[in-house]
Amino acid sequence: MTEPLIELKGVSKSFGSNKVLDNVDFTIYRGEALGIIGPSGTGKSTILRVIAGLIAPDSGEIYIKGVHREGLVEDGTDPVGIGMVFQQAALFDSLTVEENVGFSLYQYSKLPRSRIRELVNEKLEMVGLSGIGDRFPAELSGGMRKRVSFARAIMSNPDNPKDTPEVLLYDEPTAGLDPIASTVIEDLIRQLQCIQGVCSTYAIVTHQQSTIRRTADRLVFLYQGKVQWEGHVSEIDTTNHPLMRQFLSGSVSGPIQVVG
């Protein structure tokens, strides 16, 4: 394996009496595409937020490029920049596309507006959305909103290279999209991984089999807050693991408890 960028060791997280993560261990390596899969409500989105430093675990340790993270991302400086693409794009409806993509630079950098606008246009071109900076999110399709959120996640500050994200976290990036729009997003995820200077490492949470097969190299299967299976995406058609077999087949019969 290549260099470990993010390591989770014994990470647990509860919300009230609901234990969402239970002693989770796994590693994200430099340059890999990690898929985090499993039934709904098993802690997949929570683990992304823990990795991003948006919420803190109740117990366990998180190492970013070998450095132990204390508290939340705002409490210190991670040695590796981490960007996140949220499930519903999470754009500000009252802001234009340009203002959404350049939000962090407008808020926290000293760059002139003209330079920020150039950087925004550069990122929009990367995601295939040139010339839409003056539109509002309500004027965009679901797939376009997703791509705008990608552009925002890969935004960097040339005056502070340490802010450039090296790892991207995708939370259900194809949820709610039709098959064609999903394919566009899946292709874009792979294309961004190959662009020099953009995040070459990512973790993606998804339920959709096409997204699993087209965007992930290695998989971690979560169920009941625990890592139940790990393996290469090429193994999913041959594994005899009962949880994986039921999940992939969509069967209501098996060890996965059907809710409702």
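Structural remarks
- In terms of surrounding Cβ atoms within a 10 Å radius of their Cβ, ARG135, ARG152 rank from fewest to most as ARG135, ARG152.
- Relative contact order of the chain, defined on C-alpha pairs under 8 angstrom at six or more residues apart (%): 24
- Centre-to-centre separation between the Cα atoms of segment 1-28 and those of segment 47-81: 11 Å.
- Near-label residues of segment 153-184 by backbone N, under 20 Å of a point 7 Å along Cα→Cβ of PHE15: 169-176
- In plain terms, the residue of THR46, THR96, THR174, THR2 with the fewest other Cβ atoms within 10 Å comes first and the most crowded comes last, giving THR2, THR96, THR46, THR174.
- Spin-label model distance (nm) - LEU54 vs SER40, 7 Å beyond Cα toward Cβ: 1.9
- Fewest-first ranking of PHE92, PHE103, PHE247, using other Cβ atoms within 10 Å as the exposure measure: PHE92, PHE103, PHE247
- For the chain, the 222 nm mean residue ellipticity estimated from helices alone, with every DSSP H stretch of n ≥ 4 adding -39500 (n - 2.57) and the total spread over all residues, rounds to -8500 deg cm²/dmol.
- 27 Å Cα-Cα threshold exceeded, pairs from LYS44/LYS110; LYS13/LYS123; LYS65/LYS226: LYS44/LYS110; LYS13/LYS123
- Simple label model, 7 Å out from Cα along Cβ direction - SER210 to GLN257, nm: 3.3
- Of all DSSP bridge pairs formed entirely within segment 4-249, close to 55 percent run antiparallel.
Read the figures in this text as sums done on the coordinates, not as results from a lab. Everything quoted here is computed from the prediction, not taken from an experiment. Cβ sites come from the backbone with ideal geometry, for glycine too, and all protein chains shown count toward neighbours.
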